[in-house]
Amino acid sequence: MRKPVLTIFYQFNPWHSTIGGIQTVIHSFIKYAPTDFNVRLVGTGVDPSTPLGKWHEAELDGRRLNFFPLLHLPNDNVRGLVPTTVKYTLALLKHRFSSDFMHFHRLEPALAALTWSSDKTLFIHNDIHKQVANAGDGKSILWQRFPQAYFLLERLLVGQFEQILSCNSKSVDFYRQRYPDVAQRVAYIQNTVDNDIFYPLPSEDRDYKRSLLAQQLGLAETTRFILFAGRLHPQKDPLLLVRSIAVLQEPDTHLLIAGDGELAGDVRSIIHQLQLTNRVTMLGPVKQAELADLHRLSSVFVLTSAYEGLPLVVLEALACGTPIVTTRCGETPNLLSPGSGVVCEASTPTAIAAALRQVLHHPQQYPSSACIQAAKPFDASSVVSSIYSNMLLRWKPKSPLAISPRSTGI
């Protein structure tokens, strides 16, 4: 009997360093896939010499993977004039794929799959309706300019999914109320953290690594680090973060910004304007193993987002024993205990600085053990295994599906 085939659709290349929680989730679904599944990814090519539109057999995270580069995308950390999701969806419309299961991590590409026969799952990674309706300058996502068009597209596409899984409880409630015909298919899903990579260190090792990094950056050995990691994008509001550091009058503290994005230039400018060049270091994109080291040596992780689902980077910090300071958005406030972080009731520099000061002044109130306990239910291997087990229960073996002349099927 042949193995069931899962095809994952998302606009990235898993062998190329990239910023984003969705990419990390997909890595976990590949790494922890049971051996009785064949896993495939329809992604993007980084090297222009890589032939597009053909399956390539490769290895990722110790697992065999079939990879289909759909279009060339040299750097997905920075948005172009045409959103990457639009480019990816247009390229996907030229193909027809066959698969037992299909996972979509954005809604738009599912437009191409509307007539494809498969057990399809949509993963929702943000409080999407707050994101679309966010009253801002429209720079966060294109749909903010055309919210009604997004809702019309959503209504057209949601009925094709066997499951709609969200890491944000407000999104779960919203979808169930807005689309009663598919309400039984909508469920909350825990996001994941890979404990093979993100784990704590003994306090003496943590202090040693912290002082070592301080020396490397030319800072006092007693420096305490505040860490932000993520895309420099309006959703994350990194400008609010930098303004908060300007308000924070704490000696021997230093902000590390790990990430890249279209606001990188604006962040550098405000750092200079506020005369914070000796208090903030922009590290650029950081590989996962290096990010884990930064989590382990930092005193606090800070998130100033306008909206979120459940950021994986929060789970990663907690799993490393590092407390959180966050704005009240997404699912993070629901998982934090009094001993694992502080939720700011106002998204202002003063409120965020006060929360940071609370954690920095009273580290004994935010022990590593409380942080680790908060992240414990989100272990990637157990969460992903549960989803695959559910898929196997739904799978009914069929004869091999025909291979489309326009693209490769199962």
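Report yes if T326 is at pLDDT 95 or above and in a loop (DSSP other than H, G, I, E, B), otherwise no. No; evaluated as a whole, the condition is false for this residue. Sub-8 Å Cβ pairs linking a first residue in the range 343-356 that is touching a residue at least 24 places away in the same chain (Cβ under 8 Å) to a second residue that is acidic (D, E) and not in a helix (DSSP H, G or I), at least 6 apart or interchain, are S347/D237; L356/E250, ordered by first then second residue.
Only residues that are under 18 Å from the mean Cα position of the chain (by Cα) and basic (K, R) were counted in the range 250-287, giving 1.
In the range 370-377, is there at least one residue being in contact with a strand residue (DSSP E or B) (Cβ under 6 Å, 6 or more places away or on another chain) and modelled with pLDDT of 95 or more? Scanning the range 370-377 turns up at least one residue that is in contact with a strand residue (DSSP E or B) (Cβ under 6 Å, 6 or more places away or on another chain) and modelled with pLDDT of 95 or more. If you check D266, D293 for being in contact (Cβ under 8 Å) with a residue 40 or more places away in the chain, acidic (D, E) and not in a loop (DSSP other than H, G, I, E, B), only one passes: D293. Residues of the range 1-26 that are surrounded by 19 or more Cβ atoms within 10 Å (Cβ to Cβ) and part of a helix (DSSP H, G or I): G21, Q23, T24, V25, I26. Applying the set (1) without any contact (Cβ under 8 Å) to a residue 40 or more places away in the chain; (2) over 18 Å from A229 (Cβ atoms); (3) not in a loop (DSSP other than H, G, I, E, B) to T277 leaves exactly one unmet item: (3). Only one entry in S99, S117, S49 is of a type in the set (S, T, Y), in contact with a Lys or Arg (Cβ under 9 Å, 6 or more places away or on another chain) and farther than 25 Å from D379 by Cβ, namely S99.
The values are calculated or read from the model by the stated rules, or taken from the named source; none is laboratory data. What you see is a predicted model; the values in this text were computed from it and never measured. Virtual Cβ from ideal backbone geometry, glycine too; neighbours counted across all protein chains shown.
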